[in-house]
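These notes concern the structure reproduced below.
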Amino acid sequence: MANVLLHLPEIQGMELNFIQTMIKDFSDKEAQTFASIYRSRRKDPQIILLTCLVGFLGFAGIHRFLTNQIGMGILYLLTAGLCFIGTIIDAVNYQNLAFEFNQKVAVEIAPLVKSMSIQ
């Protein structure tokens, strides 16, 4: 059973619980491989917050582009963050935006790591 904190000490909260259950059956080598791939693809919630706050300076939606929500990013860019209301809501919910993106990344990576260890 792999300990997620040994491999990904920077994660916390819901993300920590999710990743812990995701890699509970991984060997140490698989967990280390998962951690290195996941770390390179995950988005830090603080970066999401900072890019969201840039929306108040006229460049709204950057955080949506970072989380692969291209349509929403374009909408925010063209509507000044839906008249700043969307930007304010996203600034409050930045951790959920990052967690949802990171969750999708983890779900994509886990089977890849398992298939790599079989070969």
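A short reminder: the numbers here are calculations on the coordinates, not readings from a lab. As the structure is a prediction and not an experimental result, all values here were calculated from the model. Here Cβ is always computed from backbone atoms with ideal geometry, including for glycine, and neighbour counts include all displayed protein chains.
Laid out as a table, the results:
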item	result
Formal net charge of residues neighbouring L66 (Cβ-Cβ distance under 14 Å; K, R +1; D, E -1)	+2
Residues L77, L97, sorted so that the one with the fewest Cβ neighbours within 10 Å comes first	L77, L97
Selection from N68, V4, T51, by position along the positive dipole direction of the chain (Cβ)	N68
Linear extension gain, Q95 paired with F56, 0.36 nm per residue minus alpha-carbon span	12.2 nm
Helix runs (DSSP H) in the chain reaching 27 Å along axis by Cα, Kyte-Doolittle at least -0.5	94-118
Theoretical ellipticity at 222 nm over the chain - DSSP helices of four or more residues, -39500 (n - 2.57) apiece, nearest 500	-21500 deg cm²/dmol
